[in-house]
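Encoded as structure tokens, the structure appears first; notes follow it.
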Amino acid sequence: MKLWSGRFSSDTDALVDELNASIGFDRRMYKEDIKGSMAHARMLGAQGIISAEDADKIISALGGIMEDIEAGKLDFSTADEDIHMGVEAELTRRIGDAGKRLHTARSRNDQVALDFRFYLKNEIPEIRDMILSLMAVLAEKARGNLNTVMPAYTHLQRAQPTTFAHYMMAYANMLRRDVTRLEDCLERMDEMPLGSGALTGTTYPIDRRMVAEELGFADITGNSLDGVSDRDYALELMSCLSILMMHLSRFSEEIIMWCSWEFKFVELSDSYSTGSSIMPQKKNPDIAELVRGKTGRVYGSLMGLLTVMKALPLAYNKDMQEDKEQVFDAVDTVKNCLPVFTAMVETMKVLPDNMKNAAAAGFINATDCADYLVKKGMPFRDAYTVVGKLVSFCIATGSTLETLPISEYRSMSDVFDTDVYDAIALETCVAQRSVPGGPAPEAVAEQIAKIETFLEERKVEA
Ligand code: ARG
């Protein structure tokens with residue numbers, strides 16, 4: 001017998017039950033559902049809506065149900081439909097009439113709205129801490145590589161010299177924004193919807209703030225129609241996670257390139273790479289590729305939920321039951337990726353010689369060579385042309401700016417002197433870029449210090 005079968009004269013078809021049931025995936029919210037019900041029962045008792053005795057009975061029986069679920073002694077089936085009905089039916093089996101009073105002044109619509117928010121609210125700090133751990137690893141990698149010169153690219157063409165530390169801090173800054181985005185999302189999500197009823201609240205003299213306080217919500221939702229219809233907290237979280245995964249995916253892509261023989265800037269630890277079943281020489285960056293691939297899956301969750309919500313009239317519609325699987329999947333995916341990604345980066349070996357060689361071969365000091373002429377009084381556009389000709393001469397003769405004899409320099413412009421070799425040394429090029437945010441070691445040290453302060457404010461040892 002279904003809890004809602006009062007006005008029905010025949011049973012639902014078995015296939016309907018199968019399609020209708022969400023217990024298969026919403027059972028993971030059992031803790032939130034039970035805690036929400038405990039707070040609701042306590043409030044009903046305090047307000048005299050049910051007797052104090054019934055409230056106590058409900059709360060203690062719910063505690064028993066929680067323990068039994070956790071001990072693996074209680075499971076639910078399709079017949080329970082969803083976690084809300086499963087827990088309530090079990091409660092009534094255990095304590096009879098008192099159990100039947102729990103749903104007073106409540107609907108499954110505000111109950112599921114509460115459970116889902118409550119569940120996601122608890123997931124955010126976990127994800128945030130995982131990002132912070134990755135940031136700590138990046139700060140540490142940066143500290144150890146302040147002078148590790150490498151090429152930086154635009155259009156994947158060698159552009160200007162930077163350091164591996166500068167590169168790591170670029171990602172650390174993206175992750176810093178991912179963290180604050182999640183914190184903002186959590187703050188907006190922190191409203192308690194119970195009391196919205198099915199959609200227009202309730203006639204009972206409930207105390208919504210009492211429930212919010214017990215459950216640790218900062219506030220209550222401000223409109224009952226919105227309270228049961230809103231899923232933008234989940235969409236916002238999916239957006240945050242999509243952006244986070246986009247960052248991890250770009251990072252993954254670089255690691256994949258850096259692992260190739262064409263680059264060989266890094267070598268992944270054997271523990272975080274895989275081999276090929278046929279090619280004995282292969283060591284593949286599968287973890288980075290999986291993170292890159294799973295990014296699509298998280299985007300899919302965002303698009304999926306946006307599409308479910310699009311054009312739904314207020315208030316609750318059953319379509320909204322489709323919110324959970326995709327959001328859970330995205331949360332699980334991110335939580336599975338982050339710690340492995342962090343360990344992969346932490347154990348990744350940097351190969352400074354290869355980075356340096358790549359930086360030395362691509363005329364990435366051409367801008368600095370032009371700046372040298374500018375500092376001696378030549379207008380930048382003229383300097384740009386002179387160096388352009390020098391580069392083209394080097395390419396034609398198989399030389400580099402570092403090895404080109406001074407006579408060749410002077411044949412292009414007599415402003416050149418032997419101090420040009422110092423000016424275009426890669427170390428000089430990096431050291432001169434000491435602008436805040438730049439790659440000079442002292443500028444990067446400042447960036448690291450800022451990230452470390454950010455981590456300390458969130459109690460993470462860098
Ligand atoms: N299992 C439902 C969900 O996940 C709970 C709410 C059902 N409410 C309703 N009136 N059918 O959305």
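Odds and ends about this structure:
- GluC sites (Glu not before Pro) within the range 220-311: DSSP coil, no more than 11 neighbouring Cβ in 10 Å: Glu262
- DSSP-defined antiparallel bridges as percent of all bridges, the range 131-260, nearest 5: 75
- Taking only the C-alpha atoms of the range 95-175, Rg followed by Dmax gives 24.8, 75 Å.
- Computed 3J(HN,Hα) for the range 333-348, one whole-Hz value per residue from the Karplus formula 6.51 cos²θ - 1.76 cosθ + 1.60 where θ = phi - 60°, is 4, 4, 5, 6, 6, 4, x, 5, 4, 4, 5, 4, 5, 4, 9, 6, glycine and proline marked x.
- Note, ³J(HN,Hα) from phi for the range 107-124, Karplus 6.51, -1.76, 1.60, rounded to Hz, x at Gly and Pro: 10, 5, 5, 7, 5, 6, 4, 5, 4, 5, 4, 4, 5, 5, 4, 7, 6, 4
- For the range 1-94, chymotrypsin sites (Phe, Trp or Tyr not before Pro) are listed when DSSP marks them as loop and at most 11 other Cβ atoms sit within 10 Å of their Cβ; the list is Trp4, Phe8.
- Percentage of interatomic Cα-Cα distances in the chain larger than 30 Å: 59
- Positive-pole candidate from Cys240, Ser277, Val291, dipole of the range 205-295, charges at beta carbon: Ser277
- Sites listed here are trypsin sites (Lys or Arg not before Pro) in the range 53-98 whose DSSP assignment is loop and whose Cβ has at most 12 other Cβ atoms within 10 Å: Lys73.
- Normalised per residue, the volume of the convex hull around the Cα set of the range 350-411 (Å³): 91
- With semi-axes defined as the square roots of five times the eigenvalues of the C-alpha gyration tensor, the equivalent ellipsoid of the range 279-327 measures 38, 8, 6 Å, largest first.
- Once backbone amide H atoms are built at 1.01 Å from N, Ala152 has Ala159, Gln160, Thr162 as its partners under 5 Å, excluding neighbours fewer than 5 places away on the same chain.
- Taking the longest Cα principal axis of the chain as reference, the axis of helix 232-259 is set at about 30 degrees.
- Principal axis extents of the Cα atoms in the range 171-262, from largest to smallest and rounded to whole angstrom, are 71, 21, 15.
- Volume per residue that the Cα convex hull of the range 314-462 spans, once the total is divided by residue count, Å³: 249
A short reminder: the numbers here are calculations on the coordinates, not readings from a lab. Predicted, not measured: the structure shown is a model, and the values here were computed from it. Here the Cβ is made from the backbone with ideal geometry for all residues, glycine too, and neighbour counts use every protein chain on show.
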